[in-house]
1. Given the structure, is Thr346 out of contact with any strand residue (DSSP E or B) (no Cβ under 7 Å at 6 or more places or on another chain), part of a helix (DSSP H, G or I) and farther than 27 Å from Asp445 by Cα?
2. Quick check on Val393: is it farther than 17 Å from Phe428 by Cα, of a type in the set (Val, Ile, Thr) and either open to solvent by 40 Å² or more (accessible area, probe 1.4 Å) or out of contact with any Pro (no Cβ under 7 Å at 6 or more places or on another chain) (or both)?
3. What is the number of the single condition among (1) surrounded by fewer than 19 Cβ atoms within 10 Å (Cβ to Cβ); (2) touching a helix residue (DSSP H, G or I) at 6+ places or on another chain (Cβ under 7 Å) that Leu437 does not meet?
4. Can Ile463 be described as assigned to a helix (DSSP H, G or I) and either crowded, with 19+ Cβ neighbours inside 10 Å or at pLDDT 90 or above (or both)?
5. I'm trying to understand the selection: among the residues of region 40-66, which are in a loop (DSSP other than H, G, I, E, B) and either of a type in the set (Gly, Ala, Ser) or farther than 17 Å from Leu105 by Cα (or both)?
6. Among the residues of region 303-340 satisfying the criterion of being surrounded by 16 or more Cβ atoms within 10 Å (Cβ to Cβ) and of a type in the set (Ser, Thr, Tyr), which is nearest to Arg380 (Cα to Cα)?
7. In region 345-361, is there at least one residue being surrounded by fewer than 22 Cβ atoms within 10 Å (Cβ to Cβ) and among the basic types (Lys, Arg)?
8. If Trp136 meets every condition in (1) under 23 Å from the mean Cα position of the chain (by Cα); (2) open to solvent by 60 Å² or more (accessible area, probe 1.4 Å); (3) more than 24 Å from Gln160 (Cβ to Cβ) apart from one, which number is that one?
Amino acid sequence: MAGRRHFCGHRLFIQATTCVNTSTLLGRFDGQSRLLLTTLMSGVSGAKAALTVFQKQQRANSDSTLTNFILTLCRDEIASSAEALTLSVKPLVCLFPPVFKQNLLIFLYLVNSTIPGPTVRLLLRCLAQDSNPNPWVRALGRQLERKLEMNFKDPLYSEQCRQKLKQLSENLGGSSEAGGWAECFNSQQEESESYCGLDLLEHGTQRKRRASFDADVDADGEEAVQESKRLKMDMHAEEPEDAEDEEVRMDTQGGSASAAETPADRPPDGLPEHFRGSVLHMKELLESQAEWDQSASEVFKVLNECNPTQMEVLCETLNFPILPEHTLPKLCNSILSLSPDLSYSTAASLIRSILLQKVSSLSEPASRCLVTAVTSLCSRYPRPMCHAVIEPVLEDRNIGPPQTELLNRLIESCLDSHYRLLMLQMTFRIPWSEAVLSIIHSLLDSKLLLNEEAFTQLTEELISQGPHFTKSVKFAKMMLTILTKHSSHVTAAQKRCLTSCLNSNETFLKKSLQASLKRIPDA
C-alpha cells in the first residue's frame, strides 16, 4: 500500500506505521517544526507557548514560515486499528491527540495572517477526515473557518450542546419568582446533598438536608453564592472521614488499598512494580524549583537497573524530551554521580531522550544550561553522545549555525582524537552543506590523527562533493587545512585528483590552494 499521492499540488508520501507513537510522529518534521509540535502538545497553555516559540524563530530567521509545517501535517499516513486489525489512510494531523489539535487551531487563529489561506483550508479539510472528531476541535475549526470567511452556515456548537444551552437559559430566565441564578444554585445544591446523603446512609450516618433558598432571593443574590460556597466547604471537610470509611468498606469486602490506586500512582507499562516510588519521586524533583540534596541524587540510582527498553519508557514517563532547560544541570549531575557508569545502550537511550530534540530544534545559540548538560554528558559518555545526538544532528538537513557552534564546542573541549575521527567518518555518509563544512574544518584543524583509510575516504568525498562548492570559502579553507596539516597522507594519485578539483575553485583562495598543492612532493 505504500506509495505516493498528489494532493492540492503537493506531493504527499504515505508511510506505513503499524504502531504510531509521539516520537514516530515527530520524526516526520524538521528540527524547528519539532520544537513547535512539542510545544503544542504541552497542555492547555500550548497555543500561547507555541506563539512565543514561533515569534522567536521568526526573529532568528525572518524567512521562517509555517507553510511546510502545515503541509507536512497534511501528508497521508497509513495508520492501523488495534481493535479492527485494519489499515486506513489518514492525514498525519489526525493521528495526533486532541489537545494538540485544539492548541494547533487556536495557534493558527492567532497567526492566520502570516499563512496563505489555501494552506489553512487544506489543513481544515484534513481535520474534517478525523474518524473520531472532538467537539472542541470541531468548534475551533469552525471558528477558524469564520475567521477566514469560509463558512458562516454551520453553528459552532453541536446539537447536544445547543440543548444544554437552551435548558440552562430556561433555568436562568426567572425574574419575579424564585429563579435565575438562585434556582440554578438551588438545583446544584439539592443534587449534591442527595449524593452526599446516599453516601453517608451507606456508612450508617445521617446528615440534615439544608433548607431551600428563600423564594424571594434575587436572581443574582449573594445569599445563593454564599450558600453554594458553604456547601462546598462542608463537603471538603467530610472528605477525610469518607476516605477512611471507604478504605474500611473495601477491606471488609476483601478488597485492599492497592485496588484504589489511580493510574498515575501505578508504574507505566514496561516498568517493574518496585520502580513506582522512584518514578514518583523523580517527577516531584523535576517539577520542584528547590536545590537537590544528596538524597535526591540517590533516587536516580534506579537508572542503573534499567535496560534500554525500560529506559525509553522511563524517559517518556518523566517527559525528558520537553524538560525545561534550567533543570538540566541538576539532572546531569545526578546522572554523572551514578556508580557504576551506565551501559552504552542505556546511556544512549537516556542521552537521546534528554538532548536530541533540544539540540535539533535550536534556532538561536544554546543556553548556558543546555551547553553545560551537553558538555558534561559528552565528557563522561562520548560514544553514546556521538551516536545518540551528534550523528542525528549531522544527518538533519536543517542543521544550522546554533547546532554547528555547539558541535564545534564539543570538538574543542570534550572529544578526544578517537571520537573526532569517528565524527569525521560520520560526515562521509551524508550530503555536505555549509554547516557540515564548518564542522569538518574544525575536526581537521584539531589534533586529529588521520589514518590512511580515513584520508582516502576524505579524498573521495572531496572529489565527489567538491563540485558543489566551487564558490564556497568554507570549502576552500577546509582544503587549505588538508594541504597544510595533513599533506603527508597525500599520494601521487590523490594529488592529481585534487589538482583537477582545485582548478574549478572560484574563490580568492585558489592560488594559495594551488601553491600548497605544488609544495607536496610526488611520491
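1. So Thr346 fits the description; yes.
2. Numbers: farther than 17 Å from Phe428 by Cα: no; of a type in the set (Val, Ile, Thr): yes; either open to solvent by 40 Å² or more (accessible area, probe 1.4 Å) or out of contact with any Pro (no Cβ under 7 Å at 6 or more places or on another chain) (or both): yes.
Answer is no for this residue.
3. All conditions pass for Leu437, except number (1).
4. Against the criterion (assigned to a helix (DSSP H, G or I) and either crowded, with 19+ Cβ neighbours inside 10 Å or at pLDDT 90 or above (or both)), Ile463 does not qualify.
5. Pass one, region 40-66, residues in a loop (DSSP other than H, G, I, E, B): 41-45, 61-66.
Answer for region 40-66, where residues must be in a loop (DSSP other than H, G, I, E, B) and either of a type in the set (Gly, Ala, Ser) or farther than 17 Å from Leu105 by Cα (or both): Ser42, Gly43, Ser45, Asn61, Ser62, Asp63, Ser64.
6. Only one residue tops the list, namely Ser334.
7. no
8. Exception for Trp136: condition (3).
The values are calculated or read from the model by the stated rules, or taken from the named source; none is laboratory data. Source: prediction; values computed, not measured. Quick reminder, even Gly has a Cβ in these numbers, built from the backbone with ideal geometry, and neighbours come from all protein chains shown. Please note that ligands, DNA and RNA were not included when accessible areas were found on the heavy atoms of the full protein model with its side chains. Shrake-Rupley method; radii C 1.70, N 1.55, O 1.52, S 1.80 Å.
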